[in-house]
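First the structure, in the form of structure tokens, and then the observations on it.
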Amino acid sequence: MKMSKTQIKEIMAEKAIFIVFIILLIGIIIVEPKFLSFNNFRNIFAQSSTKIIIALAAGMVLVVQGVDLSTGRMIGLAAVVFASLVQAPEYAYRMYPGLKQMPIIIPLLIVMLICLAFGAASGLAVAIFKVPPFIATLGMQLILYGISSIYFDRPPYGAQPIGGISPSVTNIATGSIGIGEFKIPYLIIIALIVCILCWIMWNKTKFGKYMFAVGGNPEAAKVSGVNVIKTQVMVYALAGMMYAIAAALEVARIGSASNTTGNGYEMDAVAACVIGGVSLSGGIGSVGGIVVGVLIFTVINYGLAFIGVNMYWQYIVKGAIILLAVIIDMRKYTKRK
């Protein structure tokens, strides 16, 4: 069936992000053909791992017509608490000198519960008290930064990066499995598991159906018997738990933590979601799209740095892509109306 010029223009407009990305990728490969290597793409996937988990959490909030500005600061709080509990016993500047080394799962569960509580608090403010998500999570952002800074600036060492992370933790970021030369980092495997679990939850569970129903039309969902308040609170709480997992992986990757860890992560997460097709109007989004959005951003960052493009130009490119993605999303929203 032959398409009209109008239909072709519409398709081109909707796929503009991917067209721009392909043009950039081709340009990078022309400038530096060595970019097309297995090691490079393995590094890109590894760098994307924690970002994918963060973006999936932020994406859930966007699906229910919310936005979470506290993402970065929640990751920061989880990171300093987790790091303080997994320092090596022989490290001279331990925050808790008498603390015995625990299995990694215990500190992870602790920070997951902490972030669950703060996420649920944001959800309650939005769902019950009808505070706009922007304001609710902005307030939570400040609260979390204050708490993490107080915790981080504890005597006797003051505001020093929390280092000396146990090798059993850092090995998660540096380790890999494979045969011979073909190795897959643990970070990629963890991100893949999270993606699969999220896909199942979004597409095959009652909670996932409720999440999209609430995001599409809260009033219609309520009339249909969906507990809108419970769904919204659960989304924010679950997002908090996912931020905690990402924070633990960031500590493993960086090998330390401070109260600035996670700063600005919320902007990258939202941008990746929008590029991946999650609507700012709610009710639309997919796990695959979010993963693609994160990978596009990572490839752009890694690729432009690989060919030596000035960092300031990288900001311009990223900003232009974000604006283009939002324009496309708003066009789709206007059509739906």
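The values are calculated or read from the model by the stated rules, or taken from the named source; none is laboratory data. Note that this is a predicted model, so its numbers are computed, not measured. Positions of Cβ are generated from backbone atoms using ideal geometry, with glycine treated the same way; all protein chains shown enter the neighbour counts. Remember, those area values only see protein heavy atoms, side chains included, never the ligands or the DNA or RNA. Shrake-Rupley method; radii C 1.70, N 1.55, O 1.52, S 1.80 Å.
Counting only GluC sites (Glu not before Pro) that are in a DSSP loop and have at most 12 other C-beta atoms within 10 Å, tell me the longest site-free stretch of the chain.
Value returned for the longest uninterrupted segment is 182-337.
Which distance in nm do the two modelled labels at residue 157 and residue 8 give, with both placed 7 Å along the Cα-to-Cβ direction?
It is 6.4 nm.
May I ask you to list, by number, the DSSP H helices of the chain whose Cα span along the axis is at least 30 Å and whose average Kyte-Doolittle hydropathy reaches 0.0 or more?
38-63, 105-127, 228-254, 311-336
Return the long-range amide H neighbours of residue 165 (sequence gap of 5 or more, or a different chain), with a cut-off of under 5 Å between placed amide H atoms.
Result for residue 165 returns 88.
Heavy-atom accessible area per residue, the chain, 1.4 Å probe: how many Å²?
Per residue, the chain has 50 Å² of solvent-accessible surface.
Which shape class applies to region 208-337: rounded if a/c is under 1.5, otherwise prolate when a/b exceeds b/c and oblate if not, where a ≥ b ≥ c are the square roots of the Cα gyration tensor eigenvalues?
It comes out oblate by the Cα gyration axes.
Enumerate by residue number the trypsin sites (Lys or Arg not before Pro) in region 1-101 meeting two conditions: DSSP loop (anything except H, G, I, E, B), and at most 10 other Cβ atoms within 10 Å of the site's Cβ.
Filter output for region 1-101: 2, 100.
Using Cα centres only, tell me the gap between region 73-92 and region 251-301 in whole Å.
23 Å
With the cut-off at 1.5 for a/c, could you classify region 1-158 from its C-alpha gyration tensor as rounded, prolate or oblate?
Oblate shape, in that a/c is at least 1.5 and b/c is the bigger or equal ratio.
Full-extension gain between residue 205 and residue 179, please, as 0.36 nm times their residue separation minus the C-alpha to C-alpha distance.
Working: separation 26, 0.36 × 26 = 9.36 nm, distance 3.61 nm.
Taking residue 205 through residue 179 to full extension adds about 5.8 nm, to one decimal.
State whether the chain is rounded, prolate or oblate according to the following rule on the C-alpha gyration tensor (a ≥ b ≥ c being the square roots of its eigenvalues): a/c under 1.5 gives rounded; otherwise a/b larger than b/c gives prolate, and the remaining case gives oblate.
Taking the square roots of the gyration eigenvalues as a ≥ b ≥ c, the chain is oblate.
Beyond 26 Å between alpha-carbons counts as too far, so tell me which of 130/209; 183/206; 51/100; 130/206; 15/206; 15/51 fall in that bin.
183/206; 51/100; 15/206
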